[in-house]
1. Residues of the range 99-121 with backbone nitrogen within less than 19 Å of a virtual label 7 Å along the Cα-to-Cβ line of residue 147, please, listed as ranges.
2. Quick check: pseudo-label points 7 Å beyond the Cα along Cα→Cβ at residue 113 and residue 129, how many nm apart are they?
3. Would you mind checking the tilt of helix 349-361 against the longest principal axis of the Cα atoms of the chain, expressed as 0 to 90 degrees and rounded to 10?
4. Tell me the angle of helix 63-80 to the major Cα principal axis of the chain, expressed in degrees between 0 and 90 and rounded to the nearest ten.
5. Using a Förster radius of 30 Å, what is the FRET efficiency between residue 63 and residue 104 based on their Cβ-Cβ separation? Nearest 0.05, please.
6. Which value in nm describes the separation of the simple spin-label points at residue 339 and residue 303, placed 7 Å from the Cα toward the beta carbon?
7. Stretched out fully, how many nm does the piece from residue 347 to residue 256 gain, at 0.36 nm a residue minus the Cα gap?
8. Evaluate the relative contact order of the chain (contact order divided by residue number), counting alpha-carbon pairs under 8 angstrom at least 6 apart; express in whole percent.
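Taken together, the values in this text are just the output of simple stated rules run on the coordinates, not laboratory data. Owing to the predicted nature of the structure, the values given are computational and were not obtained by experimental measurement. Here the Cβ positions follow ideal geometry from the backbone for every residue, glycine too, while neighbour counts run over all protein chains shown.
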Ligand SMILES: C[S@@+](CC[C@H](N)C(=O)[O-])C[C@H]1O[C@@H](n2cnc3c(N)ncnc32)[C@H](O)[C@@H]1O
């Protein structure tokens, strides 16, 4: 029986995957142990300890043991994938080449090797190698002849601001509010992935309502992104503490990622009113602050209709994309103004634009 969707299974994926019927899953994302083989703790030049991946779940006795483990879970993943499905496996230089070899031997067909370019990488503290700023995602169909896999080319092009997305994805490490912390203020998990990464994976290679499975669920990044994109998910995770963290995280997701939130300008057949016109008309004043939906960030409105946020200046769309770390953003849906009406209200700038259009052009 297919497990209930939107569920987290607490267990070992080697056992749990066997219980899932063949050909039942649309998309798999796997972020397996890296097998880093860290022998000694790593210290910064100021003698503070680097919080690396030294967890028990990342330890394997030998390369052969790691290969046997990966062969076992990848065999099950291939069995449960639909013919139209695909799988993404992420890894670093420590493991991705071994995994790629195993996947090819099992019959998977590589569609892309996507490079996650970490735009804020951890420095190489010993200064003995280049700063490691990448991880690789292998995106594969079930086999050479499985040609009907989902790829949402047009959606990804729109998401990328009208340009084809390449296989290099500049995305920052999971930091700030997105990073889940324990009661001690330290990272709850050493390898939490950024939601932006999972957004691209799920958005590009599944449809609304599809089932996305993640056999190494960790903090549940895949589940959170799937929920925001209206996909179903099944997560498998061996450590109970992570299961609890993931459950809490996913239960608290209320935000949805809708296409209207990132496409700018092209969606409506209404008179085009640049943001600068609202500023010229005094509907939004130069010197005023605009706020993001969750009120976490604010940008200053400049006289020419640009926004200034920290050291970045640009259009409402550009600054919105910068803040979110996304390739595009529909600034009209992203920004809110605080108006001195009675009572004081928070108004979306899109609403203010629509009022302006109604006043000057009538109902369109
Ligand atoms: C690299 S982390 C995944 C992090 C996750 N992508 C996130 O964003 O939080 C790998 C996870 O797999 C879990 N794990 C390791 N071996 C497992 C197994 N055999 N079955 C299920 N989970 C396992 C670990 O506990 C760890 O949380």
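1. 108-112
2. 1.6 nm
3. 40 degrees
4. Between helix and principal axis, roughly 60 degrees.
5. Working: r = 17 Å, r/R0 = 0.58.
Once the sixth-power term is evaluated, E becomes 0.95.
6. Result: 2.6 nm between the two label points.
7. Working: separation 91, 0.36 × 91 = 32.76 nm, distance 1.94 nm.
Here the answer is 30.8 nm.
8. Values: 655 pairs, mean separation 56.1, N = 364.
With pairs under 8 Å counted, the relative contact order is 15 percent.
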